[in-house]
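**Q** Got a structure for you, questions after.
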Amino acid sequence: MMGSFYTHSPLTIQLILSSPRCNLPPLSSEYTKDVGSKSHLVTANPSIIRQRFQNLLWSRKTFVDNMKIYNHSYIYMPAFSMKTGTEPSLRVYYTLSDVGANQTVLFANPNFLRSIGKFWKSRGIHAKRLSTGLFLVSAALGLCEEVAIYGFWPFSVNMHEQPISHHYYDNVLPFSGFHAMPEEFLQLWYLHKIGALRMQLDPCEDTPLQPTS
């Protein structure tokens, strides 16, 4: 057993994982056509709290205002996987609790994260840390009967050789050697080919790629 997805009591998993968003992305109108506007689960790495919101040590109004776009989403944080992540995660929890925000903070089960990391390392993914997306896909595969993923293309050009950004909202790359995105993609593509999940690579209005032999 890999352990629980999070440290709180069980919730409606299908609802939580139906529209996950990674690392507090913008959901403003200019992106709606491509990524929609719904969100049920939003991940927040502690590093983002440090970089964008000064660890919530000063004014917290900007953070609270930024979170309103996620409505009643669950905010999923790896509070206990690294010591440096615990304090910012707790500040997020208490900040949202103190203002009566609509969001609910969930802390990732460190045993689950550790087990997932070991599993993928044994499958050939060698990186300092797995991407947030792969953690979520791993959780979905263990909890859901059907899994469809979109946005896991790790290259700087698409299949039509057109330049694309790393994220839909910016082109900020991860630190060198921190993630192994091409290795993750190959593993996910293999799962697509054997029918374990469905990976959407073309625009969503097109017919999804089908597993091939």
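**Q** Condition first: loosely packed, with under 14 Cβ neighbours inside 10 Å and not in a loop (DSSP other than H, G, I, E, B). Now tell me which residues in region 167-183 satisfy that.
**A** Of everything in region 167-183, just one residue is loosely packed, with under 14 Cβ neighbours inside 10 Å and not in a loop (DSSP other than H, G, I, E, B), namely Pro182.
**Q** Continuing with the same structure: Are any of the residues in region 148-166 at pLDDT below 80, open to solvent by 50 Å² or more (accessible area, probe 1.4 Å) and out of contact with any Lys or Arg (no Cβ under 8 Å at 6 or more places or on another chain)?
**A** yes
**Q** Considering only residues of region 92-137 that are part of a helix (DSSP H, G or I), touching a residue at least 24 places away in the same chain (Cβ under 8 Å) and among the hydroxyl-bearing types (Ser, Thr, Tyr), which is farthest from Arg52 (Cα to Cα)?
**A** Ser115
**Q** If you don't mind, another one. Give me the pairs: first residue in region 163-188 and in contact (Cβ under 8 Å) with a residue 60 or more places away in the chain, second residue of a type in the set (Asp, Glu) and part of a helix (DSSP H, G or I), beta-carbon distance under 7 Å, and six or more apart or on different chains, which are they?
**A** As it stands, the answer is Tyr168/Asp34, since those pairs meet every condition given.
**Q** List pairs: first in region 33-55 and at positive phi, second assigned to a helix (DSSP H, G or I) and open to solvent by 20 Å² or more (accessible area, probe 1.4 Å), Cβ under 9 Å, 6+ apart or cross-chain?
**A** Cβ pairs passing all conditions: Asn55/Glu87; Asn55/Arg91.
**Q** While we're looking at this one, here's another question. Being open to solvent by 50 Å² or more (accessible area, probe 1.4 Å), within 15 Å of the chain's Cα centre (by Cα), at pLDDT 90 or above and farther than 30 Å from Lys68 by Cβ is true for just one of Leu186, Leu141. Which residue is that?
**A** Leu141 is the lone residue from the list that is open to solvent by 50 Å² or more (accessible area, probe 1.4 Å), within 15 Å of the chain's Cα centre (by Cα), at pLDDT 90 or above and farther than 30 Å from Lys68 by Cβ.
The values are calculated or read from the model by the stated rules, or taken from the named source; none is laboratory data. Just so it is clear, the structure is predicted and the values come from calculations on it, not from any experiment. Virtual Cβ from ideal backbone geometry, glycine too; neighbours counted across all protein chains shown. Only protein heavy atoms, including side chains, enter the accessible area calculation; ligands, DNA and RNA are left aside. Shrake-Rupley method; radii C 1.70, N 1.55, O 1.52, S 1.80 Å.
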